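The values are calculated or read from the model by the stated rules, or taken from the named source; none is laboratory data. None of these values were measured; they are calculated from a predicted model. We place every Cβ from the backbone using ideal geometry, glycine too, and count neighbours over all the protein chains shown. Just the protein is used for accessible areas: all its heavy atoms, side chains included, with ligands, DNA and RNA removed. Shrake-Rupley method; radii C 1.70, N 1.55, O 1.52, S 1.80 Å.
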Amino acid sequence: MDSNNTSYTPLPGEDPSAAVPPPTHRRPLKVFAVTFSSVIFLLSLVTLIIHQGPGAPPKTVPEQPDHDHRHQQPAASTSPEPRSFSVPRGKLEGVSAKSSPYFSEEASYNWTNAMFSWQRTAFHFQPEHNWMNDPDGPLFYKGWYHLFYQYNPDSAVWGNITWGHAVSTDMIHWLYLPLAMVPDRWYDANGVWTGSATILPNGEIMILYTGSTNDSVQVQNLAYPANLSDPLLLDWIKYEGNPVLTPPSGIGSTDFRDPTTAWIGPDGKWRITIGSKINTTGISMVYTTTDFINYELHDGVLHEVPGTGMWECVDFYPVSINGTKGVETSVNDGVKHVLKASLDDTKLDHYAIGTYFIENETWVPDDPTIDVGIGLRYDYGRYYASKTFYDQNKERRILWGWINETDTATDDLEKGWSSLQTIPRTVLFDSKTGTNLLQWPVEEIEDLRLNSTEFTDVLVEAGTTVPLDIGTATQLDILVDFEIELLGTEESVNGSSGCGDGAADRSTFGPFGILALADETLSEFTPVYFRVTNSTDGDVTTYFCADELRSSRAPEVFKQVYGGEVPVLDGETYSARVLVDHSIVESYAQGGRTVISSRVYPTEAIYGAARLFLFNNATGVNVKATLKIWQLNSAFIHPFPLDQI
């Protein structure tokens with residue numbers, strides 16, 4: 001059965017018509033339009049899927065052989081009509097692909113307006129209309145959190161990139177503001193691309209951003225607020241001497257982008273790093289400056305990793321090795337440094353933890369086997385172009401990331417919008433493992449919690465599902481702990497490696513977890529699960545996974561099994577937190593050591609038909625689950641009432 005087929009295979013051992021009765025529970029209460037020319041119309045046929053790998057057509061359940069999470073080509077389409085190929089949107093302009101190389105002349109499904117309306121999220125940030133991609137220059141200033149973002153004000157597909165702007169007092173309830181910067185100079189005529197903000201000790205704000213020139217050369221430009229007394233930072237001035245940086249000798253004209261937030265050294269000089277590549281080696285270069293206008297390129301590079309290709313959206317920041325608070329970007333005592341790169345070749349965000357040597361401007365990973373691009377990832381799902389900032393208001397490091405669509409451009413043009421941002425996450429060093437970061441939704445998300453339901457020690461026997469009686473399940477905050485009980489002494493069966501071929505791939509110790517956005521008959525569902533494997537020498541490895549293969553009946557929606565290894569230490573249960581917000585599911589395992597963002601498009605499990613289940617597809621263990629589940633309110637994101645100020 002092809003992963004895009006509209007026929008569905010139940011989980012093995014599952015009989016939906018005879019599901020286990022719901023457990024008893026206690027329920028404590030807390031109480032515009034898109035316009036485009038004929039040329040844009042032709043381009044709109046480009047699909048927006050950035051493929052991260054898939055599988056060959058499966059036998060009985062959809063396969064997902066992308067166990068090493070590397071970029072591969074997608075499974076063959078089930079459409080009888082052959083697809084035509086084109087260069088992905090964005091590549092000709094010298095930036096990472098913002099679409100699939102496939103053209104699709106039809107929508108991925110016979111969507112209704114009600115379905116499109118349901119897909120729009122309730123508490124994730126997204127513009128009112130049109131296309132959005134990378135987060136830019138996040139900062140906190142005079143009581144407001146500011147988020148800038150790559151935005152096309154004219155269409156729901158990539159192009160004409162400007163800086164959108166929104167503010168919030170809590171990073172949840174956002175207010176749209178007018179555009180911050182538009183491509184109106186020769187040095188950014190082809191786009192005001194990604195950049196970062198730096199707040200100086202005297203309160204000045206410097207933004208460095210990449211501009212694509214009228215000749216499509218990538219250059220770095222300076223902008224600053226027109227009025228520092230304005231807490232909304234409505235007006236911005238582009239420095240008259242732009243560009244302040246052009247590609248250095250040996251660097252391609254389209255391989256020089258995305259400057260970081262600056263940090264200051266003991267010599268009083270500010271440093272930034274910019275991603276690039278030399279042949280197939282990904283690199284980050286270091287520049288020093290005292291005025292953000294004149295720069296000196298440091299000999300050598302901050303870091304390089306052969307075979308990782310172009311590094312874009314590089315981020316570099318410290319994390320405290322002993323503490324529960326974030327630290328300002330220039331701190332270099334009592335910290336490790338995180339180096340992160342978005343890999344243009346694979347569209348994945350990789351990070352590594354190491355030591356920064358300011359005396360020679362180099363960074364060395366603690367473990368070279370999990371270096372940038374070959375080891376850990378921020379998010380093992382649909383996630384890219386992330387950026388952090390230091391929130392001096394609450395002394396925390398905040399991470400933003402872009403989640404793009406996996407439907408078609410035709411769909412997005414029809415509904416009039418595309419993409420969203422993750423819930424902002426705090427970032428801390430995991431002192432227990434010494435190798436991982438801990439990512440967790442900002443605490444402000446809890447202000448959306450309404451009524452809650454608790455379940456204690458719910459038994460989920462091998463090969464069964466258990467419905468959870470919580471009512472509608474489209475806006476949820478789920479905390480769950482699992483404990484496993486061995487059934488016997490049978491020889492363990494590991495089955496496939498990693499996340500396997502999805503939730504239907506059985507082994508002795510898993511998978512087990514929840515079925516989010518499921519309809520009552522389980523014709524659609526999105527499993528979030530743990531899968532435990534035993535090696536012949538007794539080592540135990542745990543994987544945290546999300547399976548989109550049966551999340552939607554829409555045949556042209558890209559569906560995949562995502563996941564990665566998650567450390568589970570002695571004495572720890574298998575714990576997860578899952579945020580469900582209509583068409584996005586964000587999942588956090590073991591306090592945020594491994595995170596997965598899933599983009600799904602149900603056709604049946606929407607509105608009041610969306611349900612939540614527990615499942616255990618292991619062959620050799622029973623599972624006990626303890627949960628607390630909150631219904632979440634909407635954030636009611638809307639334009640700022642500028643006429644009232």
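Worth pointing out:
- Considered as an equivalent ellipsoid built on the Cα gyration tensor, segment 391-478 has semi-axes of 28, 26, 16 Å, the largest given first.
- Solvent-free Debye scattering, log10 I(q)/I(0), computed from the Cα coordinates of segment 132-441 at q = 0.14 Å⁻¹: -1.08
- Residues Tyr607 and Glu572, FRET efficiency given R0 of 30 Å [Cβ-Cβ distance, rounded to 0.05]: 0.25
- For trypsin sites (Lys or Arg not before Pro), the sites in segment 244-340 that DSSP calls loop and that have at most 16 other Cβ atoms within 10 Å are Lys269, Lys325.
- Where a label projected 7 Å from the Cα of Ser249 along Cα→Cβ would reach, residues of segment 270-297 with amide N under 16 Å: 296-297
- Cross-link pairs Lys142/Lys394; Lys347/Lys559; Lys432/Lys624; Lys277/Lys340; Lys325/Lys387 - those with Cα-Cα distance over 22 Å: Lys432/Lys624
- Take the Cβ atoms of Glu443 and Leu228, set R0 to 25 Å, and the FRET efficiency comes out at 0.30.
- Using a simple spin-label model with pseudo-atoms 7 Å out from Cα toward Cβ, Lys394 and Glu483 lie 3.2 nm apart.
- Farthest toward positive dipole pole in segment 132-441 [+1 Lys/Arg, -1 Asp/Glu at C-beta], among Ile374, Phe256, Leu413: Ile374
- For segment 520-588, the Stokes-Einstein estimate of translational diffusion at 37 °C and a viscosity of 0.692 mPa s comes to 235 µm²/s, using the Kirkwood hydrodynamic radius over alpha-carbon pairs.
- Theoretical gain in end-to-end length, Ala189 to Asp366 [0.36 nm per residue, Cα-Cα removed]: 59.6 nm
- Across the accessible surface of segment 454-526, with the other protein chains kept in place and a 1.4 Å probe, carbon and sulfur atoms take up 45 percent.
- Solvent exposure of segment 447-632, expressed per residue, is 28 Å² of accessible area, with all protein chains present and a 1.4 angstrom probe.
- Overall form of segment 187-342 per C-alpha gyration tensor (a/c, 1.5; a/b vs b/c): oblate
- Using the Cα coordinates of segment 282-371, the gyration tensor eigenvalues translate into equivalent-ellipsoid semi-axes of 20, 19, 12 Å, sorted from longest to shortest.
- Separation of alpha-carbon centers, segment 317-357 and segment 151-203, rounded to whole Å: 25 Å
- For the pair Thr456 and Ser535, a Förster radius of 35 Å applied to the C-beta separation gives a FRET efficiency near 0.55, rounded to the nearest 0.05.
- Pairs of Cα atoms farther than 19 Å apart, segment 584-638, %: 56 percent
- For the peptides 121-134, 428-441, the ranking by packing is 121-134, 428-441, with the highest mean count of neighbouring Cβ atoms within 10 Å listed first.
- Solvent-accessible area per residue in segment 132-441 equals 31 Å², computed with a 1.4 angstrom probe and all protein chains kept.
- Its relative contact order, with pairs defined as Cα atoms under 8 Å and 6+ residues apart, puts segment 132-441 at 13 percent.
- Estimated dipole of segment 132-441 in Debye, rounded to 20 [Cβ of Lys and Arg +1, of Asp and Glu -1, Cα centre]: 620 debye
- Equivalent-ellipsoid semi-axes for segment 447-632 (Cα gyration tensor, √(5λ), whole Å, largest first): 25, 18, 15.
- Within the shell of other residues whose beta carbon sits under 12 angstrom from the beta carbon of Pro225, the net charge comes to -1, with Lys and Arg scored +1 and Asp and Glu -1.
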